[in-house]
Amino acid sequence: MDIKKFVADNESNIKRDIKRLVNIKSVKSAAMPGAPYGKGVRDCQLEAMKICSELGMNVTDCDGHIAFGHYGREDRFLGIIGHIDVVPEGSGWDSEPYRCIERDGCLVGRGASDNKGPFVITAYAVKYLIENNIPLNYGIRFLIGLDEESGMSDIAYYKRRYPQPVFTFTPDFHFPVGNGEKGIYTADLVSQQLEDGAILELTGGVVTNAVADRASALLKRETYDLVQRAAQGREEIAVELTERGVSVLATGRAAHAAMPEKGVNANHLLMQFLCETGALQGEEAAAAQFIKLATEHFDGRAFGINIPDGRFEPTTIIGGMLSLRDNRLVLNVNCRYNTALSPEELALHIASTARENRFEVQNVSNSPYFYLEPDHPGVRALCSIYGEAVGEPDIQPMLLSGGTYARCMDNAVSYGATFHDAVKPSWAGNGHMKNEAYDFTKALRACEIYIETLLRLQEISL
């Protein structure tokens with residue numbers, strides 16, 4: 001069957017199935033029996049497995065840690081891996097985040113573009129092979145990721161128990177091909193214990209890998225005059241005197257940690273404001289000042305890590321979450337680092353800067369950068385296929401600041417599913433942002449490209 005006709009014939013079903021997944025809130029939560037990532041993720045996993053089964057794949061549930069559909073031979077197979085877990089919805093939406101709606105040609109809802117929409121369109125690309133009985137040199141393993149947003153432990157579980165594909169792509173960034181990714185370092189920077197401070201409560205951000213759009217503090221009531229005076233003319237700061245104390249709310253703009261320049265960090269706005277009020281004293285003021293400086297710029301200059309390497313884009317770091325824990329200020333940092341520093345050197349720079357400011361480093365995770373050579377046959381093939389599809393025959397692979405499943409698998413890349421030059425309506429957000437929107441016309445075009453990709457990969461030696 002003609003590829004365009006197949007996609008057109010399945011348009012309404014593709015839209016229906018994306019909505020089926022977006023309408024399930026699949027944010028990671030407390031583990032339950034058979035649901036290591038919580039009930040919401042498990043419910044969405046089961047729905048995703050049902051979709052794969054309906055499309056003709058043989059489905060395997062790996063104890064709730066991950067799942068996959070499979071078609072064709074099992075000794076040598078290609079891998080496709082998307083994910084159906086999402087980050088929390090945040091605030092400021094124009095519609096219900098978990099009721100997928102259509103607006104200006106887009107599907108809108110948390111996870112519509114990251115990554116439930118791309119998950120569905122690549123599943124339909126597999127359906128094309130099945131319906132048309134395409135002879136396969138490589139089987140297709142369609143992995144259903146469940147923990148992409150919170151550590152990718154699902155892939156570690158899979159790799160301990162099942163063979164890896166000969167070549168894998170994940171539709172979790174944008175076209176063309178991502179053949180390398182920065183390292184990702186996360187940690188909590190924890191202050192000394194603060195006695196009798198002005199801050200009673202502190203909350204900022206919801207996930208490590210997103211710039212915080214809201215941050216709030218509750219201060220002692222006696223600070224009200226200082227705080228109210230400092231807030232005059234500050235649109236980003238709201239102050240209210242309550243029975244419990246002085247409530248301060250800072251409003252920024254969310255963005256993915258891989259592209260922090262698109263956001264405004266509410267955690268920085270809040271700590272900058274608190275430092276200016278004069279309400280903080282002594283060790284508390286010093287700790288707040290360090291957090292303010294650490295979050296002022298996204299390039300890592302506060303930690304001495306803003307070093308170019310001539311290959312990747314510059315290193316970035318955000319302070320995505322802020323809290324008060326056991327009378328200690330806690331800043332969670334998420335760093336996307338290039339090859340100028342080794343993973344060990346990067347960690348040492350951050351730890352040394354923290355110690356100099358009487359902070360300690362806890363809960364460290366450090367995933368090294370990866371790089372797949374541009375002349376790998378899979379990379380060359382995907383660049384060629386996409387370039388032909390969009391009329392850019394000399395398209396080259398790219399290096400990413402984001403972290404995708406590609407870093408966890410051998411011979412893996414990111415490949416779509418959004419288009420880097422796509423223009424969205426002004427109200428529309430990207431992944432991890434409010435009003436997350438997925439251009440449905442572009443999605444159908446991507447589906448056509450994925451079908452062509454699966455056909456062409458059957459013809460080369462991997």
So, in segment 83-97, exactly how many residues are under 12 Å from the mean Cα position of the chain (by Cα) and either assigned to a loop (DSSP other than H, G, I, E, B) or farther than 27 Å from residue 67 by Cβ (or both)?
4
Given the options 145, 72, name the one that is of a type outside the set (S, T, N, Q), surrounded by 18 or more Cβ atoms within 10 Å (Cβ to Cβ) and at positive phi.
72
Tell me the residue from 133, 115 that is free of Cβ contacts under 8 Å to residues at least 60 places away in the same chain and out of contact with any Lys or Arg (no Cβ under 9 Å at 6 or more places or on another chain), please.
133
From the list 58, 132, which one is over 19 Å from the mean Cα position of the chain (by Cα), within 21 Å of residue 453 (Cβ to Cβ) and surrounded by fewer than 20 Cβ atoms within 10 Å (Cβ to Cβ)?
132
Can you find, within segment 348-377, the residue that is surrounded by the fewest Cβ atoms within 10 Å (Cβ to Cβ) among those that are of a type in the set (D, E, K, R) and in contact (Cβ under 8 Å) with a residue 40 or more places away in the chain?
373
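Yes/no per residue for (1) within 29 Å of the chain's Cα centre (by Cα); (2) touching a residue at least 24 places away in the same chain (Cβ under 8 Å); (3) in a loop (DSSP other than H, G, I, E, B); (4) not assigned by TED's automatic domain parsing to the domain that holds residue 338:
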position: 239; (1), (2), (3), (4): no, no, no, no
position: 258; (1), (2), (3), (4): yes, yes, yes, no
position: 261; (1), (2), (3), (4): yes, yes, no, no
position: 275; (1), (2), (3), (4): no, no, no, no
position: 286; (1), (2), (3), (4): no, yes, no, no
position: 289; (1), (2), (3), (4): yes, no, no, no
position: 298; (1), (2), (3), (4): yes, yes, yes, no
position: 307; (1), (2), (3), (4): yes, yes, yes, no
So, first residue within 23 Å of residue 357 (Cβ to Cβ) in segment 177-192, second residue modelled with pLDDT of 95 or more and assigned to a loop (DSSP other than H, G, I, E, B), Cβ within less than 6 Å, six or more apart or across chains; the pairs are 192/358
Residue among 112, 30 that is of a type in the set (A, V, I, L, M, F, W, C) and either within 21 Å of residue 431 (Cβ to Cβ) or crowded, with 16+ Cβ neighbours inside 10 Å (or both):
112
Among the numbered conditions (1) surrounded by 23 or more Cβ atoms within 10 Å (Cβ to Cβ); (2) not assigned by TED's automatic domain parsing to the domain that holds residue 115; (3) not hydrophobic (A, V, I, L, M, F, W, C), tell me where residue 172 comes up short.
(2)
Among 444, 462, which is the only one that is in contact (Cβ under 8 Å) with a residue 60 or more places away in the chain, in contact with a helix residue (DSSP H, G or I) (Cβ under 9 Å, 6 or more places away or on another chain) and not assigned by TED's automatic domain parsing to the domain that holds residue 384?
462
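The values are calculated or read from the model by the stated rules, or taken from the named source; none is laboratory data. Please read all numbers here as calculations on a predicted model, not as lab measurements. For neighbour counting, all protein chains shown are included, and Cβ atoms are generated from backbone atoms with ideal geometry for every residue, glycine included.
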